[in-house]
Amino acid sequence: MASSTNVEESAQSRAGGVSSPGPTELRPKRSRRRWHNGIGTVPFLVYLGLFLVIPAISVVVTAFQSGAGHFTLSNFNEAVHGVYLKSFINSIQLSFAAAIVATVLGVLASLAVCASSNRIVRALVSSGSAVFANTGGVPLAFSFIATVGNFGVITKLLTDAGFNPYDHGFSLYSVFGLTIVYQYFLIPLMVLIMIPPIEALRKEWVDASSSLGATRAQFWRWVGIPLLAPPILAAFIVLFTDAFAAYATAEALTSGTISLVPIQLGALISGNVLAGQTNLGDALGAGMIAIVLVAGFLYAYVQRKASKWLR
Amino acid sequence: MVAVTTNVGRNGKEPGAANVLKLGRAFRYGVLGLVGIFFIIPILASARFSFLGNNNTITISAYTELFSTPQFWSTLFLSVKIGLGTVLLTLALLIPTVVWIHLRVPKLKRVFESISLLPLVIPSVVVTLGVITSFKSLPNIIMGTPVILALEYVILALPYSYRTFDSAVQAIDLKTLVDAGQSLGAGWSKLLRLVLLPNLRSGLLGAAILAFAFCLGEFAVASLLSFTTFPVFLVQVGQVAASQAVALSLIARLFTWMPLAVIIISFGQRNASSKKKTVSLAKTIEQEETTGIA
Amino acid sequence: MTQATNTDISSNFRNGVKVDLIGLSRYYKDVAALKSMNLSASPGELVVLLGPSGCGKTTALRALAGLEVLDGGTVMIGSKDVTRLPASKRNIGMVFQSYSLFPNMTAKANVEFGLKVRKVSSSERSKRSAELLDLIGLSSQADRYPHQLSGGQQQRVALARALAIKPEVLLLDEPLSALDAKVRSQLRDEIRRIQLELGITTFFVTHDQEEALALADRIAVMRAGEIEQIDTPLSVYSQPTTEFVAEFVGKVNRLAGVVVSQEKVDVESIGPISYDSKNTPFQTGTKVQVLIRPEALGIMISDTGQWRLVSKSFLGASVKLNLTNPAGQRVIVELSTGEATLIEQDSPLSLFGKSDALLVQRA
């Protein structure tokens, strides 16, 4: 049975292989046409090259140059010491913590939404998430200042009730505070990313597994979790990158008092440069690119793993 | 034992996932309620804060003062101008490129889709630094004016604008339309005007709105290149008058929410019947979220 | 697919069990999906539940599997009352419409899933999955993931997975409906072959009457939560008890007529046709409606014939003819291809009854 099918298939593909490339005289014409085909995309690629690739490369190249233009590693040496090292550590800690919290809460929220049969709840949450995920930036910082800042509405309420959170080690203008604030755009992002894979869990799989004798726990252990783990991991990486690159919220909230990589880099760009640090910013920038690239490769790897069993 | 199966069929018309998950009502509403509260409180608190006068009185002075600040209007106007410029540039770049790719080199669709996501890989702070280092020597008309912002915003908004337009083109079977148009004797300009643009209207609108909303909210590049756009003005106000800044944030939020709500709702309706498009919109939005707006 | 393995596998199955569904009821809000339905299958029998969508056939199957909660009734497998048992304790193999394979597992792992749940040792599992993949002819695809298999192959694997747990009963819920025509009939025959070989009591749900006729030991035609008729394929086709069954299983012509005797009815524009009166005795002179299968009518070319040919469709061994007469009546006749060549567009035609009318009922 199987072998006959295979024979058929290979015979077909062989036949296809013979007929499709066509006569040889077409070849030169083809390659010329391929060249023509590319032309329409040139303006787009040039634009991208000019305003994205060149700036990015110039950052990386300059990172290896001294003020006089000679090759040097001193910028990187500087970037991994003192306050700059601290900023990398802070940034990574912040992004990691914020992404972990948002992943957990976001997954719980997406499960809750997907488990709900109420259409209104579902529509509300999915469009609400789309909007809130875009609510990062400066306005976000100010609405949290108004809420739990030094003089925020909730801070006041709590102080009146005899519990001033600022007397108990809480501060909005800290890494911990930022972790909370970032949830405001990270959780909706997580929900948006996770709803499709959760919805893709099919009822037939549950039915099949229970007719085969499996308990619900066994279904989740062998089917549900293996299917959801890659998208969750991939989403976590997206969240991490998003938090890592975020500048506006942190800057508006802390006015640069917390040492994060984007903030340090911003300060260097705005001209707070000490002598001998000419190209230090470029080294920080190159460092950021490197971290985001690593995240990107991890993401691609996870996606490829997952696509082993998905279309 | 029977309880295990009890919920399966009870609500026969539930969507698939509801049957798969079977989470208790308490869990569902508990989680959604708590998350909901977290999202609503800052908005309510902002509203309350912005109307707070001395000695707990209620006042709208934060708003009236804002509206009478010339800078409020000038920065808003600047941001809108930059936004419009960005939208025009984006469309000029996207329409020919995407249409070309779909007609002539469909094999490269996915490649260009990935290329359009490149700006997500490079944080906007780094892009800004790169712009400064590499374009130092450009004439003042570009580097010294907000033109450079529009030029860069085209790039930074590309992940959303490209996706949206690309999926709109994907949805209409461009090649068949063009073949049909040509067989009926339409030239390229007629084809574009009578066939392509009307069919791609919503995709163009979506791409334009996303790019525009991005421009209204972008802070990093503008502030680091020392242009006082609307969000930069917002931060400046924040350093002086907290209640005005909070009031302004509410206003700014409306500016970005309204256009987004428009596309989410209109796409939602248009795609009610077409799963493929919904998926691509979901993708678009998902990409959207990963921006540097934050 | 050697003879030895097959006997090996069938020996693993007991000789089929009896299944009784007694008074099954199921309501969605106020709509009845099942109205006190009764159905029994003898050991090793293949019963097809046939009906239009929404008739309750799938609900009945899922109730038997334990995937649907009943509002009333009893499910007996063998002599055991399983009504209160959850699906996972019923030892029933089930094949779904499509996409039911676990996408994160290879074909082999899918087949072994039920055994893994039962904590069967891995060597034992491998042995058994190899046997079953061989039985369905997919040994060479064991390590492929579901998305790398064609629709037909996926359904074969689903069948193997259901059989791996040595179920007492096999349930198939429209397993072929997502496949294209050729694969469908191929797999249909294969399912029947395997079912006969294993002697397992099987329920098969479908809305495709051709599939039902080809597969079943008995067909239960369902309508609105009830069984309209249950009988062998031949009886259901040639002796339907109701108009619904007659029309659902095969094509019929519906014509007006008058009863002329105990055995004959005079059909308008056609003439006398015999009918089986034992179930439905009518008084002579009763106006009736007569249902006649297209192949139960014969055609003669005669100058006085009122009927004319409208169109012919060639079906292979037979030809379907659409006829009409001046009164505007329309009739379908099916003839062997040889006979049909004689009928031309303008020939005056008359019709006669070749065999019994299918069903005669009061007009």
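Observations
- Note on segment C:231-279: residues that are part of a loop (DSSP other than H, G, I, E, B), farther than 30 Å from C:P348 by Cβ and either touching a Cys at 6+ places or on another chain (Cβ under 6 Å) or at pLDDT 85 or above (or both) amount to 6.
- Residues that are without any contact (Cβ under 8 Å) to a residue 12 or more places away in the chain and more than 9 Å from every other protein chain (Cβ to nearest Cβ) within segment C:110-134 comprise C:K119, C:V120, C:S121, C:S122, C:S123, C:E124, C:K127, listed in sequence order.
- Filter result for C:L49 (surrounded by fewer than 22 Cβ atoms within 10 Å (Cβ to Cβ), modelled with pLDDT of 90 or more, under 20 Å from C:E228 (Cα atoms) and of a type in the set (A, V, I, L, M)): no
- Of all residues making up segment C:167-182, the number that are at pLDDT 90 or above and away from chain A (no Cβ under 11 Å): 5
- C:D143 out of contact with any Pro (no Cβ under 9 Å at 6 or more places or on another chain) and away from chain A (no Cβ under 13 Å): no
- Among the residues of segment A:149-177, those that are facing chain B (nearest Cβ under 10 Å) and surrounded by fewer than 24 Cβ atoms within 10 Å (Cβ to Cβ) comprise A:N150, A:F151, A:V153, A:I154, A:T155, A:K156, A:L157.
- Counted residues, segment B:195-226 - those being in a helix (DSSP H, G or I), of a type in the set (S, T, N, Q) and closer than 19 Å to B:G130 by Cα: 1
- Annotation note: of C:L149, C:L163, the sole residue that is of a type outside the set (S, T, N, Q), over 20 Å from C:L67 (Cβ atoms) and at pLDDT 90 or above is C:L149.
- In segment B:145-191, counting only helices (runs of 4 or more DSSP H) that sit wholly within it, the ones holding 3 or more residues that are under 27 Å from B:K81 (Cβ atoms) span B:147-156, B:158-171.
- Extreme residue, surrounded by the most Cβ atoms within 10 Å (Cβ to Cβ), among residues of segment A:97-145 that are at pLDDT 85 or above and in contact with a Phe, Trp or Tyr (Cβ under 6 Å, 6 or more places away or on another chain): A:V138
- Matching residues, segment B:207-254, being at the interface with chain A (Cβ under 9 Å from one of its Cβ atoms), β-branched (V, I, T) and under 18 Å from the mean Cα position of the chain (by Cα): B:I251
- Check on B:K136, farther than 20 Å from A:S270 by Cα and of a type outside the set (A, V, I, L, M, F, W, C): no
- Residue match in segment C:82-103 (condition: away from chain A (no Cβ under 13 Å) and either of a type in the set (S, T, N, Q) or free of Cβ contacts under 8 Å to residues at least 24 places away in the same chain (or both)): yes
- Test: B:G85 is within 19 Å of B:L205 (Cα to Cα), small (G, A, S) and in a helix (DSSP H, G or I): yes
- Counted residues, segment B:75-132 - those being among the polar types (S, T, N, Q) and more than 18 Å from A:L48 (Cβ to Cβ): 2
- Breaking point among (1) over 29 Å from C:V249 (Cα atoms); (2) surrounded by 16 or more Cβ atoms within 10 Å (Cβ to Cβ), for C:R84: (2)
- Pairs, first surrounded by 10 or more Cβ atoms within 10 Å (Cβ to Cβ) in segment A:23-49, second at pLDDT below 80, C-beta under 8 Å, six or more apart: none
- Test: residue in segment C:144-151 that is at negative phi, crowded, with 19+ Cβ neighbours inside 10 Å, under 23 Å from the mean Cα position of the chain (by Cα) and touching a residue at least 40 places away in the same chain (Cβ under 8 Å): no
- If you go through segment A:50-69 and keep only what is surrounded by fewer than 18 Cβ atoms within 10 Å (Cβ to Cβ) and hydroxyl-bearing (S, T, Y), you end up with just A:S66.
- Every residue from segment A:103-122 that is within 24 Å of the chain's Cα centre (by Cα) and aliphatic (A, V, I, L, M): A:V104, A:L105, A:V107, A:L108, A:A109, A:L111, A:A112, A:V113
- Of everything listed in (1) buried (at least 22 other Cβ atoms within 10 Å of the Cβ); (2) at the interface with chain B (Cβ under 7 Å from one of its Cβ atoms), the single unmet condition for A:L94 is (2).
The values are calculated or read from the model by the stated rules, or taken from the named source; none is laboratory data. Nothing here was measured: the structure is a model prediction, and the numbers come from that model. Virtual Cβ from ideal backbone geometry, glycine too; neighbours counted across all protein chains shown.
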